[in-house]
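The values are calculated or read from the model by the stated rules, or taken from the named source; none is laboratory data. Keep in mind that what you see is a predicted model, and the values were worked out from it rather than measured. Glycine gets a Cβ as well: all are built from the backbone with ideal geometry, and neighbour counts include every protein chain shown. These area figures cover heavy atoms from the full protein model, side chains too; ligands, DNA and RNA do not enter into them. Shrake-Rupley method; radii C 1.70, N 1.55, O 1.52, S 1.80 Å.
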Amino acid sequence: MSSSWLSLEEALSKALAATHVVSDIETISLFSAHRRVVAQDIVALLDVPPWDNSAMDGFAINAKSYTQGQALTVQGIIPAGEKASTPLSAGHAYKIMTGAPIPDGANAVVMIENCDSDNNGNVIINDTPTQGQNIRAKANDIAQGQVLIKKGTQLRAEHLMLLSSQGLDEVVVYRKLRVGIVATGNELAAPGESRSDTQIYESNRVGISAILSDENVEVVDFGIVEDDKASLTRLFNQAASNTAGTNTKTSADNNVDIMVSSGGVSVGDADYVKDVIEAMGHIEFWKIAVKPGKPFALGRLNNTVFCGLPGNPVSSFVTAKLLVLPIISKMQGRQDGHTALTVTATLTKDIKRRAGRRDYQRATMSYDDNGNLVVTPFKTQSSGVMTSITSANCFMIIHEDISTLAIGDTVPVMPFT
Ligand code: AMP
Ligand code: MG
């Protein structure tokens, strides 16, 4: 293996160092904020809960003055959404519903299942109540002024619910990244259109678009471009921002924050992508010791980051997940430590391979009869075999230094999400 190939970690750290955060902000409705990234710390405006309230349907009593076996007179009923008009009197209990405010003078709630009533309609408690029981204290979940959601968090359903519970209907986020996608290759025909007998249907744009869409970016489709320098130059001119250093982009512009291409980054005669970027801007690196996915070019034209993925559909799928997603996270301003989850599983097959590159084998993981996670790599690992990804549910990762593995060995696996 040539020493000019970077390990995945080296490539990632170079890529993250060479990319910027797109820091324009906007205020948007919570209903469109799923997976957008918060641009400033969000501080609680309200205590939650706003008052001491009952965790149960039951009776609110004073546990301190109560004597065991005492019959308590029902003073009234407090439904959720109302409060008692008078403080609890000695020898009394309030019937209270879950969420209703605890009346003054009460300090415990006895659940309804532990209460009976006597012939006179008084409450008899079959419990030894303790002070504070079944009471949710004011502010015990959230105190006004505390940081609720940190800058750099990617919002999901749970965050949106939290903001909503604070009475907020909008949130300040970084603007959506604009990400261009393009497929390069003279042999490619667009799905839905006719193809010549030497063409294949293009499959990468839609896959990359789906992977990117999970991060709520705006995808701009640049279609299919031929393998010639003039076409590629025209494409990258269109895609790259004209003004170095500016973050401002609108949908009216055709330029993008990131351009993701597939194909043409290897060493074939028609592989011009790298040369064109190099001529117009700058290439950071272009070879990584990962299988599949060796040729992956990272570059920059003005303020547009360029990710050149290999054309093989499997390789483009792998490199989009391993490299493009972390770059997207960085540029989106995420600071929530997003990393792909890796677990370990037991191998069901012996493996022999040439060491040198980190291998992301397409594999199926499942639980065996004893509840242990086991993993079986797909029968062929050629990057030209697309059914290797559709038949798999995870990557099985083989470290660059390893050349043999045996049945029963433990290996890291990364589930497809
Ligand atoms: P390249 O990286 O351009 O050398 O392409 C490697 C292999 O992937 C070739 O067999 C190409 O025909 C194929 N390929 C490139 N781009 C695509 C694409 N968008 N969809 C399907 N196959 C592709
Ligand atoms: Mg090609």
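Using a/c under 1.5 as the rounded threshold, could you call the range 343-415 rounded, prolate or oblate? The axes a ≥ b ≥ c are square roots of the C-alpha gyration tensor eigenvalues, and prolate needs a/b larger than b/c, oblate otherwise.
oblate
Specify which residue in the list G384, A355, V343 is farthest towards the positive end of the charge dipole of the range 343-415, using unit charges on the beta carbon of Lys, Arg (+1) and Asp, Glu (-1), about the Cα centre.
G384
Is the C-alpha gyration tensor of the range 53-136 telling us rounded, prolate or oblate? Criteria: a/c under 1.5 is rounded; beyond that, a/b larger than b/c is prolate, otherwise oblate.
Note, shape of the range 53-136 comes out rounded.
Going down the table (K274/K294; K176/K229; K14/K349; K14/K274), which pairs top 25 Å between alpha carbons?
K176/K229; K14/K349
Please get the size of the charge dipole for the range 53-136, origin at its Cα centre, with Cβ charges of +1 on Lys and Arg and -1 on Asp and Glu, quoted in debye to the nearest 20.
In debye, rounded to 20, the range 53-136 gives about 240.
Using a Cα-Cα cut-off of under 13 Å, which aspartates and glutamates could be cross-linked to K150, ignoring same-chain neighbours fewer than 8 residues away?
D41, D336
At a 1.4 Å probe, what is the % contribution of carbon and sulfur to the accessible area of the chain?
In the chain, the share of accessible area belonging to carbon and sulfur is 50 percent.
Per residue of the range 194-211, what does 6.51 cos²θ - 1.76 cosθ + 1.60 with θ = phi - 60° give for ³J(HN,Hα)? Whole Hz please, x for Gly and Pro, Karplus curve as stated.
6, 10, 7, 6, 10, 9, 10, 6, 6, 10, 7, 4, 5, x, 5, 4, 5, 4
Starting from the coordinates of the alpha-carbon atoms of the chain, obtain the Kirkwood hydrodynamic radius over all distinct pairs and give the value in Å to one decimal.
Kirkwood radius, the chain: 25.8 Å.
Let a ≥ b ≥ c be the square roots of the eigenvalues of the Cα gyration tensor of the range 258-417; is it rounded (a/c under 1.5), or, if not, prolate (a/b larger than b/c) or oblate?
Note, shape of the range 258-417 comes out prolate.
Taking K138 as the anchor, which lysines have their alpha carbon closer than 18 Å to its alpha carbon, excluding any fewer than eight residues away along the same chain?
K83
For the chain, give the magnitude of the charge dipole about the Cα centre (Cβ charges: +1 Lys/Arg, -1 Asp/Glu; no others), in debye to the nearest 20.
840 debye
Would you work out which of G105, G408, S266 lies farthest towards the positive end of the dipole of the chain, given +1 charges on the beta-carbon of Lys and Arg and -1 on that of Asp and Glu, about the Cα centre?
Value: S266.
Near the amide H of H92, under 5 Å away, which other amide H atoms are found, from residues 5 or more places off or on another chain, if H is placed in the peptide plane?
Under 5 Å from the amide H of H92 lie the amide H atoms of T73, each far enough along the sequence or on another chain.
Given a Förster radius of 45 Å and the C-beta distance between Q40 and T380 as r, what FRET efficiency does 1/(1 + (r/R0)^6) yield to the nearest 0.05?
0.35
Leaving out ligands and nucleic acids, note down the accessible area per residue over the range 241-398 with a 1.4 angstrom probe, in whole Å².
Per-residue value: 42 Å².
Please compute the modelled spin-label separation between R353 and L341, points set 7 Å along Cα→Cβ, answer in nm with one decimal.
2.3 nm
Need one number: % antiparallel among DSSP beta bridges in the chain, to the nearest 5.
In the chain, DSSP labels about 65 percent of beta bridges as antiparallel.
By how many degrees, between 0 and 90 and to the nearest 10, does the Cα long axis of helix 229-239 differ from the longest principal axis of the chain?
Rounded to the nearest ten degrees, it is 20.
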